[in-house]
Each structure stands twice: as structure tokens, then as C-alpha cells.
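Scroll down for the structure; my scribbles are underneath it.
The values are calculated or read from the model by the stated rules, or taken from the named source; none is laboratory data. From a predicted model like this one, the values you see are computed outputs, not experimental measurements. All Cβ positions, glycine included, derive from the backbone under ideal geometry; neighbour counts span all protein chains shown. Ligands, DNA and RNA are excluded from the accessible area calculation, which covers all protein heavy atoms including side chains. Shrake-Rupley method; radii C 1.70, N 1.55, O 1.52, S 1.80 Å.
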Amino acid sequence: MRFCFKVKQGNNDSPALKIIVTASTNSTALCLSINRLSLLKSLQKQRLTMSFNINRRDWLKKSLIATAGLSAASTYIQRAQANPTVRRELQMSLSPDFQLENSFVGINPPVVMKARLGANENPWGPSAKTKEALIEAVGVSNRYGMQSRAALVKLIAEKEGVPENYILLGAGSSELLTASMVAYGLKGKIICGDPCYISGNEEKIPMEKVPLTKDYQYDLDAIAGRLNGSQSLVYITNPNNPTGAILPADQLTAFINKVSDKTPVLVDEAYIDYAKNPKTDCMVASINAGKNVLILRTMSKLYAFAGLRVGYAIAKPEILKTIAPYCSGGFDISVPSFAAAVAALKDTDFQHLTLTNTAESKKYLYDFLTKAGYSYIPSSANFVLFPIKMKGQDLMSKLMAEGVMVRRWEFDRQHWCRVSIGTMDEMKAFTDAFSKIAS
Ligand SMILES: Cc1ncc(COP(=O)(O)O)c(C=O)c1O
């Protein structure tokens, strides 16, 4: 039997590196995952060992390894600045699409998906009005998108209450996030929470990771205390991914007031639409107050645009100018997507439907977990993270074999499962499969 080893870099949703072992005499592929520390040891010893002994020391050691890798990451960012192909690669590792594709590696034969709960997509859309606008715009898609782009920028600026030159469009927010990582990564370290949406990318992004508090919240005091001029940007995902926890607006505003004159703050608000009061929980007021804040938004979640690719940045023009050289500024968005985005932003009925359905499915999941003896982190997003009693990779593979896709994490001495909120049928498919596997 011959084994073929393929080493894959961990993606942003999963800090672990993956080793995919394919037995060439057998059609069944095994997908194993080991943590970074184990991987280094394994490679040194020239043999594959599996270690899932996760403890706080490992977590801290991982942070040290990340520090050692800082110069490699700085070199990578310089290459990304100079070379669009490298930038594209960085964007791929920041994109859930790519991560989703990776989740299928090792599953053979392909299963019929009963519940796609791995990328925090919106299962209820696109809305009827979005589809109508899309189809209608196909008829004028022989024309370039200048006017459609202007119409979308105008609508977003009105909705957010900022001038139009405070908006920069992107083909999804991954494009704008990548541009921000390149623009600021060239100037210093990106300081972020651990874990957060970008924290698995320390080989590519020069970063300093600050562990979350015991309540799995951003440790804003610790982040402020670490700022010493070597960091060029603070990155906050709010609500955080993977935890779903949201920072109270007054705390985040106070933090911004304290640090942003010296170190700009990027607030990734991909899930802000699921918060209790999106208008006041978001940080637009800080931008209007003249602060050095860059907000990133995606239409992939509440508006069900994951495949249509529309996102935007909000900031004062001098900040947008910093990231603009590394992104398309909306020129990669098609005319039908522009038209669909305008329709979707106006379609408040669909937005309410999504929020009502999300609340119902989330409550079902919370009740199930409580009854089954599992705790969870209360979520202000369209996913829930909970600690599991088995290895994350085992759970993920077994659920996948049942047609249920989820994501896994390892941090703070724990294996974790992140379940996106889907339709009730999807949630039932998850709870049925989970009960079978984990009880
Ligand atoms: C926190 C966060 N930021 C950004 C993105 C990227 O979204 P997109 O590129 O689809 O706009 C995601 C996607 O899951 C996310 O979770």
C-alpha cells in the first residue's frame, strides 16, 4: 500500500494544518488533521503521529511559533503587494468558499448533502425580489456597470448615513479584507483576537494574536495594553467568528476612542445584521466622528449573496485610499449582481423573514444542546459554537458521512464544533446525525 501525503495550510476558519493521507490501493480516503505543534514534531521525526493533547500551554506555544513566523509572513505580504497572483492566493485562504471546498477533501464517495451548515450561508435566499432583479438585469448586461455601480454606492451610503465617498465596493468582503491585510500588513503587525476570523493565517499575515477572555470575548484591555507602535492595525470581528459573541457597542466605542488615533481599527461586521440593534451595535458612528475606523460588510449572510459576491467597506476616504490599490473597488461585480444588491437591500420583508427563521432554528439548536448536556456560547450571529466531547475532525468526518457539513476548532484545551443556522429540516438533520454519533 502506497501513501501519498499532501500538506495543506490551515485556513482562517480552522487554525489546524491538515495532512491528507490517501491510500492508493483503496478508494477510501482518510482525512486526518493534527495541530501545528504536532505537525512540526512529526515532520522532525519523519513519521506521522497524531496528537490531540490540547492544553493552554500548547495554545501559548502556538502563539510563540506565530511570533517566530512573523518575518516569513512579512515577506509573504510584500510578495502579495507586488504580485496579484499571491494576493489571489491570500484571498483564497481568507474565503469561506475555498474552505468549504477543502471540507470535502477526503470524503469519498461524495455524500448527498442534507444540511450545509459549514459556511454560515443563508438557506432561505436569494429572495424572490433579488431573483427578479437578477433576471431583469441579464437583459442589460451587454453594458458596462458604471451606472449600476453608482446606484448601489448611493443606496449603501444612504442606508449607512455616510457620504458616498466613504463607500468602497468589493466582490465580497474577502476581497476588501485581503486588500486591508496587504495594505496594513506592509506597515506592521495586525493585532487580533485568538481565535477570530483571520487568526489561522499567521504564515501569510504578520499578526499578533491576543487570546480571548475566559468568557470567549475579545480582551480589549489586553489588546490596548499591547499596542506599542509595532502594530499597524487592530482587527476585530464583531460579532466574532467562530464564537458568535458580540462586543457591547459602548465598550468597543471606548476602545476605538482610546487607540484609533495611533492604530486604526478594522471592524469586520460580516454578521452585524444578526445583532439585536445593528444600527447602534455597528461602529458607523465612530466613522462619522472622524475616527480611524474601517468597517467591512458582506451581503453574503443576511442578504443570501454568498454566490453573488457583493461586499463593501465604510471609512473616511484617506483610509479607503490605503486599501484601494489592492482591490477592484467593485469593478469585479457584474451588472446583474449590482441590480440584485439594490433589490436585496430594499427587500426588508426578506430580511425580517431570515431573522425570524434564524431565531427559530437557533432556539431549536440551543434547546437540543442543553438537553443533550452540551454548553454553547450565546451567539449574535447565524452560527453557534459549542465545545464537544470528541475530536473535532472525527465529528466533522462522521457528520459529513451523514450528509451534514459543519466546521471544527481547537482552542483553550477544547475541541469545538461550529454549526451554521439552517432551515428547521437542516437543523433536524444535524441533531439526528449528532445524536447518533456523539451520544
Ligand atoms: C467574519 C467574516 N468576514 C468576512 C467574510 C467573507 O465574506 P464574503 O467574502 O462572502 O463577503 C466572512 C465569511 O464567512 C466572515 O465570516
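For PRO325, the conditions (1) open to solvent by 40 Å² or more (accessible area, probe 1.4 Å); (2) in contact with a Ser or Thr (Cβ under 7 Å, 6 or more places away or on another chain) all hold with the exception of (2). Scanning the stretch 343-379 for residues that are over 30 Å from ILE135 (Cα atoms), open to solvent by 50 Å² or more (accessible area, probe 1.4 Å) and within 21 Å of the chain's Cα centre (by Cα) gives ALA359, TYR376, PRO378. Take the conditions (1) within 16 Å of the ligand (Cβ to nearest atom); (2) of a type in the set (Ser, Thr, Tyr); (3) open to solvent by 10 Å² or more (accessible area, probe 1.4 Å); THR178 misses just one of them, which is (3). Screening the candidates TYR197, TYR184 for the property of being open to solvent by 20 Å² or more (accessible area, probe 1.4 Å), among the aromatic types (Phe, Trp, Tyr) and within 16 Å of the ligand (Cβ to nearest atom) yields one hit, TYR197. Being hydroxyl-bearing (Ser, Thr, Tyr), more than 16 Å from the chain's Cα centre (by Cα) and either within 15 Å of the ligand (Cβ to nearest atom) or part of a loop (DSSP other than H, G, I, E, B) (or both): is that true of TYR144 here? So TYR144 fits the description; yes.
Scoring VAL162 on the criteria (1) away from the ligand (no atom under 16 Å from the Cβ); (2) open to solvent by less than 10 Å² (accessible area, probe 1.4 Å) leaves a single failure, condition (2). Exactly one residue out of LYS62, LYS41, LYS45 is open to solvent by 80 Å² or more (accessible area, probe 1.4 Å), more than 16 Å from the ligand (Cβ to nearest atom), within 24 Å of ASP194 (Cβ to Cβ) and at pLDDT below 90: that is LYS41.
When ASP332 is tested against (1) modelled with pLDDT of 95 or more; (2) closer than 18 Å to ALA150 by Cβ, only condition (1) is not met. The strands (runs of 3 or more DSSP E) falling completely within the stretch 200-316 that include 1 or more residues that are of a type in the set (Asp, Glu) and more than 15 Å from the ligand (Cβ to nearest atom) map to 207-211. As a summary of the residue check, THR356 satisfies the conditions (1) under 30 Å from MET146 (Cβ atoms); (2) not assigned by TED's automatic domain parsing to the domain that holds LYS301 except for the one numbered (1).
The rows are residues; the columns are (1) in the same structural domain as THR237 (by TED's automatic domain parsing); (2) within 30 Å of GLN351 (Cα to Cα); (3) buried (at least 22 other Cβ atoms within 10 Å of the Cβ); (4) in contact (Cβ under 8 Å) with a residue 24 or more places away in the chain.
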residue: PHE383; (1), (2), (3), (4): no, yes, yes, yes
residue: LYS389; (1), (2), (3), (4): no, no, no, yes
residue: GLN393; (1), (2), (3), (4): no, no, no, yes
residue: VAL406; (1), (2), (3), (4): no, yes, yes, yes
residue: GLN414; (1), (2), (3), (4): no, no, no, yes
residue: ASP425; (1), (2), (3), (4): no, yes, no, yes
residue: THR431; (1), (2), (3), (4): no, yes, no, yes
